[in-house]
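To start, the structure itself, in structure tokens.
The values are calculated or read from the model by the stated rules, or taken from the named source; none is laboratory data. What you see is a predicted model; the values in this text were computed from it and never measured. Positions of Cβ are backbone-derived with ideal geometry, glycine not excepted, and every protein chain shown enters the neighbour counts.
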Amino acid sequence: MAKEISKGYMGKILWVDLSTGTFKEEEVPTREYRQFLGGYGLGVKYLYERLSPGAEPLGPDNILGFTTGPLNHTSALGCGRYTVVAKSPLTNTWGDANSGGHFGPALKSAGYDAIFFLGKSPQPVYLCLNDGMMELRDASHLWGKDTNETEDQICRELGDNRFRIASIGPAGEKQSLIACIINDKGRAAARSGLGAVMGSKNLKAMAVKGNEKTPIADEALLGKLNKIIRDKLSLKPSKLQDFIMMLVKPLMPLLFRLKVPLPSPDFKLVNQIFQDYGTSGLVSTSCESQDAPIKNWRGIAYQDFPMGKKSSKISDDNVIKYQVKKFACAKCIVACGGIMEVKEGAYALSQGHKPEYETLASFGAVCLNDDVESIIMANDLCNRYGFDTISAGATIAFAIECYEKGVFSQAQLDGLDLTWGNHAAIIALLKKMGERDGVGNIFADGVRLAAQRIGKGSEAYAIHVAGQELAMHDPRLTPSYAATYCTDATPARHTQGGAAYFEAGLLKSVFFVRDNLPEMKRYDYENKGKLHVLQSNYMHVINCAGMCMFYPLTYQDVPLVGMINAATGWNLTLDDALEIGERIHTLRHCFNLREGFLPKDFQLPLRAMGSPPLTAGPTKGITIDVDTLNRNVYLERGWDPISGMPSAKTIQKLGLKELVDDLVVAKK
Amino acid sequence: MILWLPKNKHQAIAHEIEVNIMGLFDGKFLKENFTLKLSQETPVEEVLQLIDKKLGINLFTKFKGELPANWVMLVNGDRLDLPVKDSTLLLKSKDQLSVLSILGGG
């Protein structure tokens, strides 16, 4: 019988046992790709099967996976993202983290859809995959180096700059629970503390290079779909478009008067903003509207961080004036990234990646820091140490509030005068955290552990869900972020979909046109469960296929399902794709249930829900009804809101019965 | 005798407000910060028409006070939620009016 070849995939994964230094290839049946798609979908399938419940996240029994999707390493535009998976040491829940750059496609070019690491190496090593050869190489000389030095050194010793490298810095080596994994010197698989897992395995880096091509079912169709994206998002009109515009422009007033429907240029302009500024273009509006949290989630924008005097200094033109060149991830035509240079001063920097919105908010608005050069430096330090910038900035804001409230004296902070906006002290503390030096050791593992270590009521200032620091979007302005923070298996994350983008008017619910969805009102807590679930499921498809979420955010009708079909030869409908997303979401959730978590373990901090409400500003008087939002999401998914258990019908529908049978039996 | 009285060049501009417009509005990216002079305390809807006139656009007037969901209007930092045409708020000296469009974030 001829071997089934899965189009869109390399057809196999690699298991690396770091304890024994051995490798094992495993073929993946098409059925499993079809059910779990790729990325963390594939990751959760294998980890649910092979990772024992109760495993220590920083012990040898944890499994660390690097996973790709069917659109990686193809001609598909905007599809350079890959995912890292493991049990999270920060939350003890399911953990995954998404990164861009060029590492994901390179991993597939080495011949694998995913690589999973078991055990622990007796000494530091890095994995080298080189045109079919695989080797665990000694990394003792790299241990202690930052991620940028590591990438440079590995390329030098391998004699080839074409290697793509993912590595940890000192933060991961020291098993900081907010450590991340860095590739391309500044793209981060940031959340869930997975850098610590990598460090716990004595795995310093992966260096990959290969020549394998992804088999594609219909390259011509993929090309046509790419053209649609290019035409919609391209900022350089073709000569034909120029000519047509020249003819049409004088007729525009007549066309408007006759109500001739014209295509909205909105998405091109959003794309323009992303291309010109990256997400740094969003900072001042987000701060002023209080989408961004201010002053450790208790501040008021116009009082504490007003646009005119403060937030504009860390936004758009004031950020990109330091940009010396652009950076694009693999196959991306937006190129929201950039390389920065700060020529002189206390934060002089010869080359570092541009901070994006989350970093500018976490080291800026949350800390009341309006010094953009210090934030550029903070971003570079986080990249080099290997810290999640959201968690690191949020933890420093927590430390500032502790100092303000007298929990720490200056002497106890190793002499740091850690006041709001004191950027020198912020940078100094960040360095201490990276080295676990002095007081830095207290804060190196995020806010929950820091508050536990400190006590004295500091828990009230620790803004997290189940241990992970909240992303920089305030549910008091956009309530459905609360549901995403609390009901996704990786808590506190903003990239896992939900109704928030509809509440904010960014996406249109007619995308899911065959459902009768009620009109979206921002502070209506009922009636959102269905849309929240649909968009979450869709987001899993986006993430697990390997596409950057900014593509469907900018152009909602991006032909994602068509692109998956073109690559794989499948004939998925939107409903089929959403079912895959639901399966992925449910299995990640079952992972948490099996670890003993209940819905009540994912609580939004009182401050973030507006209890008590702010007394002024754009979210004055707002307390959001998180319980209703979350309950409606659970019910829509067919989960019990108290136990979290999916119904038998849901498990059956998703074909998960065999996989989660242990969970069903245990919960009976 | 014709008594010619020159116009008072310093005719009272009784009120100056600060205006911030930032974000994507109906196909235009705006990033504006300016002072708007008002001869008297002025309703918000009328101020928006003055903004349109100053910037040479037809934006806020076109929406007749019913703003899209992703626009946030702040007066002195507090959000104005009503349809603007129903607001009885009068803007006066040293007030700040901000109109922002939320673009999402990453």
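Descriptive notes on the structure:
- Scanning the range B:56-64 for residues that are at pLDDT 90 or above, surrounded by fewer than 18 Cβ atoms within 10 Å (Cβ to Cβ) and more than 14 Å from chain A (Cβ to nearest Cβ) turns up nothing.
Residues checked against (1) within 26 Å of A:G11 (Cβ to Cβ); (2) among the basic types (K, R); (3) surrounded by 14 or more Cβ atoms within 10 Å (Cβ to Cβ):
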{"site": "A:Y551", "(1), (2), (3)": "no, no, yes"}
{"site": "A:T573", "(1), (2), (3)": "yes, no, no"}
{"site": "A:E636", "(1), (2), (3)": "no, no, yes"}
{"site": "A:I642", "(1), (2), (3)": "no, no, no"}
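- Scan of the range A:299-351 for residues that are in contact (Cβ under 8 Å) with a residue 60 or more places away in the chain and at positive phi, ordered by number: A:K331, A:A335
- Those strands (runs of 3 or more DSSP E) of the range A:133-230 in which 2 or more residues are within 17 Å of A:C79 (Cβ to Cβ) occupy A:187-189.
- Scanning the range A:125-136 for residues that are farther than 16 Å from A:T20 by Cβ and either of a type outside the set (D, E) or buried (at least 21 other Cβ atoms within 10 Å of the Cβ) (or both) yields A:Y126, A:C128, A:L129, A:N130, A:G132, A:M133.
- Filter pass, A:E595 being acidic (D, E), under 18 Å from A:P491 (Cα atoms) and touching a Pro at 6+ places or on another chain (Cβ under 7 Å): yes
- Odd one out for A:D276, checked against (1) modelled with pLDDT under 90; (2) closer than 26 Å to B:F34 by Cα; (3) more than 12 Å from chain B (Cβ to nearest Cβ): (3)
- The residues of the range A:529-562 that are in contact with a Pro (Cβ under 8 Å, 6 or more places away or on another chain) and not in a helix (DSSP H, G or I), listed by number, are A:G546, A:V558.
- Every residue from the range A:73-89 that is buried (at least 24 other Cβ atoms within 10 Å of the Cβ) and more than 15 Å from the chain's Cα centre (by Cα): A:H73, A:T74, A:A76, A:L77, A:G78, A:K87, A:P89
- Unique match (being over 17 Å from the mean Cα position of the chain (by Cα), in a loop (DSSP other than H, G, I, E, B) and at pLDDT 95 or above) among A:L47, A:L14, A:L58: A:L58
Here is a yes/no grid of residues against (1) at positive phi; (2) in contact (Cβ under 8 Å) with a residue 60 or more places away in the chain; (3) touching a Ser or Thr at 6+ places or on another chain (Cβ under 6 Å):
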| residue | (1), (2), (3) |
| --- | --- |
| A:I542 | no, no, no |
| A:V561 | no, no, no |
| A:A567 | no, yes, yes |
| A:E582 | no, yes, no |
| A:T586 | no, yes, no |
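- Filtering the range A:482-522 to residues that are among the hydroxyl-bearing types (S, T, Y) and more than 14 Å from every other protein chain (Cβ to nearest Cβ) leaves A:Y485, A:T487, A:T490.
- Residue within the range B:72-84 that is part of a loop (DSSP other than H, G, I, E, B), at pLDDT below 90 and closer than 20 Å to A:G281 by Cβ present: no
- Here B:T42, B:T35 are screened, and the one residue that is among the hydroxyl-bearing types (S, T, Y), within 30 Å of A:K313 (Cα to Cα) and in contact with a strand residue (DSSP E or B) (Cβ under 8 Å, 6 or more places away or on another chain) is B:T35.
- Within the option set A:N571, A:N537, being closer than 30 Å to A:A328 by Cα and of a type outside the set (S, T, Y) holds for one residue only, A:N537.
- Summed over the range A:279-291, the residues that are of a type in the set (A, V, I, L, M, F, W, C) and at the interface with another protein chain (Cβ under 7 Å from one of its Cβ atoms) give a count of 1.
- For the range A:292-392, the helices (runs of 4 or more DSSP H) that sit wholly inside it and include 1 or more residues that are more than 14 Å from every other protein chain (Cβ to nearest Cβ) and charged (D, E, K, R) are A:372-385.
- Of all residues in the range A:131-148, those that are among the charged types (D, E, K, R) and free of Cβ contacts under 8 Å to residues at least 24 places away in the same chain total 3.
- Screening the range A:581-668 for helices (runs of 4 or more DSSP H) wholly inside it with 3 or more residues that are among the aliphatic types (A, V, I, L, M) returns the ranges A:606-609, A:626-637, A:661-667.
- Test result for A:Y538, of a type in the set (S, T, Y) and modelled with pLDDT under 95: no
- Among the candidates A:T623, A:T628, residue that is hydroxyl-bearing (S, T, Y), surrounded by fewer than 18 Cβ atoms within 10 Å (Cβ to Cβ), farther than 30 Å from A:F511 by Cβ and more than 14 Å from every other protein chain (Cβ to nearest Cβ): A:T623
- Among the residues listed as A:E503, A:E579, the single one being surrounded by fewer than 22 Cβ atoms within 10 Å (Cβ to Cβ) and among the acidic types (D, E): A:E579
- Condition check for A:A577: assigned to a helix (DSSP H, G or I) and modelled with pLDDT under 95: no
- Scan of the range B:78-103 for residues that are facing chain A (nearest Cβ under 9 Å) and buried (at least 21 other Cβ atoms within 10 Å of the Cβ), ordered by number: B:S98, B:L100, B:S101, B:I102, B:L103
- From the options B:V72, B:V47, residue that is more than 14 Å from chain A (Cβ to nearest Cβ) and crowded, with 21+ Cβ neighbours inside 10 Å: B:V47
- Qualifying residue in the range B:42-52 (condition: in a loop (DSSP other than H, G, I, E, B) and touching a helix residue (DSSP H, G or I) at 6+ places or on another chain (Cβ under 9 Å)): no
- Flag for A:V447 being touching a His at 6+ places or on another chain (Cβ under 7 Å), β-branched (V, I, T) and touching a residue at least 24 places away in the same chain (Cβ under 8 Å): yes
- A:K7 being over 25 Å from the mean Cα position of the chain (by Cα), of a type in the set (K, R), within 24 Å of A:K209 (Cβ to Cβ) and not in a loop (DSSP other than H, G, I, E, B): no
- Cβ-Cβ under 7 Å pairs, at least 6 apart or on other chains, the range B:76-89 side without any contact (Cβ under 8 Å) to a residue 12 or more places away in the chain, far side outside any helix (DSSP H, G or I) and small (G, A, S): B:D78/A:A616; B:D78/A:G617
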